[in-house]
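Student: What follows is a structure written as structure tokens; I'll ask about it next.
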Amino acid sequence: MHNLREEKVFKDPVHNYIHVQDELIWLLINTKEFQRLRRIRQLGTSYLTFHGAEHSRFSHSLGVYEITRRIISQFERNNYPDWPQGERLVALCAALLHDLGHGPFSHSIEQAFEMNHEDWTCRILLGDTEVGQVLKRMGEDFPEKVASVIRKDYANEIVVNLVTSPLDADRMDYLLRDAYFTGVNYGTIDMDRILRMLRPYQGRVVVKETGMHAVEDYLMSRYQMYWQIYFHPVTRSSEIILRQIFRRAKELYAEGYKFSFLPQPLPGLFNSDLTVEQYLLLDEALVQTAFMQWKNEEDALLSDLCTRFMDRKLYKYVELESFNLEKIKEIREEFRKLGLNPEYDLEIDFPTDLPYDVSRPDEELRGKQILLLDKQERLVEISEVSDIVRSISGIQRGKFYLYYPHNKMQAVWHRLPVELSQIFGQER
């Protein structure tokens, strides 16, 4: 397959322009499977907290492709001997298609139905799909090559590093893009500097040591974005309600409940037996249409949950000093005595993050560390020379929150034991 006769460009608020020079990439972008990503938000329910966060997996995927294209162009211009010739299109396709298998509301639906978007991405690439047919124009084995990059078991680790590593094109784009659309400054990194400092070396993508400070800034930006944006307690509240909707709908379906509205492919989703063709029908427009109809369902619990989600009547929350399992059991029992449903009216959340990992054996960390290349061409793991990186390495634990429906709590407030009234009196 050849270069396009004339380069195509997408105007982009993050990268200014996204350049498409290869016919293969252009054809992939125009497949129905890739176009579906326009109907999947990049940040799930975060639009209920940050009203600008309406950007899509489509725009993010184009951004990851563009960053990967720029990295490879830099490698080729400088004739780095460790950059493998002939891997350019594999890397670009993997970058473009890495999120192809995301479902509506992404990680929430994965948790509710125990799915993995990378598994679905590979099924779509290898299945009888428009994307699969386009990839096969490069050879019958080409879809498997791209899928193996997604699975992180491709023979050439440099190609995998470009798409999946602590300093990859995926992370760089979502930090910049999510910061732009949420209106915060935490994710503003010096990407140009980072890209100039990347080197293919000894089967890995490493960073020239003079780029260390730009990488420190990148890791701190990621740290701040997780705690200020991705783990925002209001967003967590909307995710909790979303998962509860899926859980309740699945319970009702298993009990033989007759829904007033149940479009395909939701029965297959509830049965965990979706085909690729059915899975590709899932998008956020369909799911939210179902939620709008379910607001009027006879099942009071499902109706209430859908009304909360669609009308943004989210759960309130209180912050706990610490987590005590026995205390939580006591609170659940008190909820039952008050006529509340602790399975749905009480949720405990304690987000954790791993900004950078240096805690496991070296063989487990290969591909998960950022390596600096010094003037003597020696490789040094970044936390060994950076106090900043060392300070944010390892698991970072957030605060403990209890989530509950405010109106139901108010209805039983006069009957609350003193201890519970003290806890829930700190509502936010």
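The values are calculated or read from the model by the stated rules, or taken from the named source; none is laboratory data. What you see is a predicted model, and the numbers here were worked out from it, not measured in a lab. Please note: Cβ atoms are built from the backbone with ideal geometry, for glycine as well, and neighbour counts cover all protein chains shown. What goes into the accessible areas is simple: the full protein's heavy atoms, side chains included, and nothing from ligands, DNA or RNA. Shrake-Rupley method; radii C 1.70, N 1.55, O 1.52, S 1.80 Å.
Student: Hey, can you find the accessible area per residue of region 7-230 for me, probe 1.4 Å, expressed in square angstrom?
Tutor: Details: 8470 Å² over 224 residues.
The answer is 38 Å² per residue.
Student: Next up: In percent, what relative contact order does the chain have, based on Cα pairs under 8 Å that are 6 or more apart in sequence?
Tutor: After rounding, I find 15 percent.
Student: Quick one: with all protein chains in place, what share of the accessible area of region 1-81 is carbon or sulfur, to the nearest percent (1.4 Å probe)?
Tutor: Its accessible area is 45 percent carbon and sulfur atoms.
Student: Additional query: Rounded to the nearest 20 Debye, what is the dipole magnitude of region 7-230 about its Cα centre when Lys and Arg each give +1 and Asp and Glu each give -1 at the C-beta?
Tutor: For this selection, approximately 380 debye.
Student: So, one more: Rounded to whole Hz and in sequence order, give me ³J(HN,Hα) for region 268-275 from the Karplus expression 6.51 cos²θ - 1.76 cosθ + 1.60, θ = phi - 60°, writing x for Gly and Pro.
Tutor: With the stated coefficients, region 268-275 comes to x, 5, 5, 8, 6, 9, 5, 7 Hz.
Student: Sticking with this one: Any idea what angle helix 57-77 forms with the longest principal axis of the chain, computed on alpha-carbon atoms, 0 to 90 degrees, nearest 10?
Tutor: Compared with the principal axis, the helix lies near 20 degrees.
Student: Output ³J(HN,Hα) for region 205-219: one whole-Hz value per residue in order, computed from phi by the Karplus curve 6.51 cos²θ - 1.76 cosθ + 1.60 with θ = phi - 60°, and x for Gly and Pro.
Tutor: 8, 10, 10, 4, 4, 5, x, 4, 5, 5, 6, 4, 4, 4, 5
Student: Quick check for me: using +1 on Lys/Arg Cβ and -1 on Asp/Glu Cβ, what's the dipole size of region 227-385 about its Cα centre, in debye to the nearest 20?
Tutor: The dipole magnitude comes to about 440 debye.
Student: Moving to a separate point now. Give me the one-decimal nm value for the distance between modelled label points at residue 272 and residue 251, 7 Å along each residue's Cα-to-Cβ direction.
Tutor: Each label point lies 7 Å from its Cα, and together they span 1.8 nm.
Student: Let me ask another. Quick check on packing: order 418-426, 220-228, 3-11, 133-141 by the mean number of other C-beta atoms within 10 Å, highest mean leading. Each step should come with its number before you reach the end.
Tutor: Details: 418-426: 13.1, 220-228: 18.7, 3-11: 11.1, 133-141: 14.7.
The most tightly packed comes first, giving 220-228, 133-141, 418-426, 3-11.
Student: Using amide H atoms built 1.01 Å from N in the peptide plane, name the residues 5+ places from residue 201, or on other chains, whose amide H lies under 5 Å from its own.
Tutor: 206
Student: If you don't mind, another one. Hey, any idea what Rg/Rh is for region 1-115, computing Rh the Kirkwood way over Cα pairs?
Tutor: 1.03
Student: Output ³J(HN,Hα) for region 287-292: one whole-Hz value per residue in order, computed from phi by the Karplus curve 6.51 cos²θ - 1.76 cosθ + 1.60 with θ = phi - 60°, and x for Gly and Pro.
Tutor: Once rounded to whole Hz, the list reads 5, 6, 5, 4, 4, 4.
Student: Something else now. Treat each spin label as a single point 7 Å out from the Cα along the C-beta direction, and report the residue 419 to residue 352 distance in nm.
Tutor: According to this spin-label approximation, the distance is 2.6 nm.
Student: How far is helix 325-337 tilted off the main Cα axis of the chain, in degrees rounded to 10, range 0 to 90?
Tutor: In the chain, helix 325-337 runs at an angle near 40 degrees to the longest axis.
Student: So who's got an amide H within less than 5 Å of the one on residue 320, skipping anything under 5 residues away but keeping other chains? H placed 1.01 Å off N, in plane.
Tutor: Here 400, 401, 402 satisfy the definition.
Student: For helix 300-310, report the angle its Cα long axis makes with the longest principal axis of the Cα atoms of the chain; keep it between 0 and 90° and round to the nearest 10°.
Tutor: 50
Student: Still on this structure, please answer the following. Under 25 Å from the Cα of residue 8, which lysines turn up, not counting those fewer than eight places away in the same chain?
Tutor: 32, 136
Student: What Rg and what Dmax come out for region 102-194 when only alpha-carbon atoms are used, in angstroms?
Tutor: Using the Cα atoms of region 102-194, the pair Rg, Dmax is 16.0, 45 Å.
Student: Can I ask one more? Grab the other residues whose beta carbon is less than 11 angstrom from that of residue 53, score K and R as +1, D and E as -1, and report the net.
Tutor: 0
Student: What net charge do the residues around residue 15 carry, taking every other residue with its C-beta under 13 Å from that of residue 15, with Lys and Arg at +1 and Asp and Glu at -1?
Tutor: 0
Student: Reachable lysines from residue 258, Cα under 19 Å, same-chain residues fewer than 8 places away excluded?
Tutor: Counting by Cα, and skipping residues close in sequence, residue 258 has these lysines nearby: 250, 295.
Student: Hey, with R₀ at 51 Å, roughly what FRET efficiency would residue 151 and residue 312 work out to, going by the Cβ-Cβ distance, to 0.05? Intermediate values should be presented prior to the final figure.
Tutor: On the way: r = 38 Å, r/R0 = 0.74.
Taking R0 as 51 Å, the efficiency between residue 151 and residue 312 is 0.85.
Student: Another question, if that's okay. Once you place label points 7 Å from the Cα toward the Cβ at residue 79 and residue 133, how far apart are they in nm?
Tutor: 4.3
Student: Using the eigenvalues of the Cα gyration tensor, what equivalent ellipsoid semi-axes result for the chain when each is taken as the square root of five times the eigenvalue, whole Å, largest first?
Tutor: 41, 28, 17
Student: Tell me, what is the percent relative contact order of region 142-199, built from C-alpha pairs under 8 Å that lie six or more residues apart?
Tutor: Taking the mean separation of contacting Cα pairs over the length of region 142-199, I get 16 percent.
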